[in-house]
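Below is one structure, written out as structure tokens; comments come after it.
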Amino acid sequence: MCKGKTLWKRGGVYDRSFRRNVGRGVGRRLSPTQKLPLGRILEREWRCRFGEIDLIAWDKDVLCFVEVKTRTNTDMALPREYVTSKKQARIRKTALFYLASNALDCPARFDVAEVYADAPGDEKSVKIVYLEDAFQ
């Protein structure tokens, strides 16, 4: 087992790659095909020394920093509840670094995309709920 990481159990074997692969696929699908209020997507999985932002996109004249949370089991909590205050602080710090490194002076917003699936690997049952201005 990996320290500090939640691993998906599929067929009795822990699969470390499943969660990352589903997240990547969803990040690619979060586009006009899903009828989300996002315009042009600038970055996917943008990383720096402060953290990672799943999606960075324009919504008219507002720059959106989107955290994508995928869950198949909502018995414990909703995906948005996993964006803790510590995670929010990390996203804010990473967003400030992105704005500074790209010399951008524009309004910004922090959104959360909740991704629901019936079972791990079942991409046909994926449902996405997009929360604008989820935190500040």
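Each reported figure results from applying straightforward, stated rules to the coordinates on display, with no laboratory input. In this text the structure is predicted, and so the values were computed from the model without any measurement. Cβ atoms come from the backbone with ideal geometry, glycine included; neighbour counts cover every protein chain shown.
Provide the FRET efficiency to the nearest 0.05 for the A77-L104 pair, computing r from the beta carbons and using R0 = 35 Å. Efficiency for this residue pair is about 0.55. Segment F50..K124, full-extension length gain: 23.2 nm, with 0.36 nm per residue of separation and the alpha-carbon distance subtracted. Here the scattering of region 76-136 is modelled by Debye summation over its C-alpha atoms, one equal scatterer each and no solvent; at q = 0.14 Å⁻¹ the log10 of I(q)/I(0) is -0.54. How charged is the neighbourhood of R92? Take every other residue with its Cβ under 14 Å from the Cβ of R92, and add Lys/Arg as +1 and Asp/Glu as -1. Here the count lands on +1. Measuring against 26 Å, Cα to Cα, the residue pairs K69/K93; K87/K124; K60/K93; K60/K127 contain K87/K124 as the ones spanning a longer distance.
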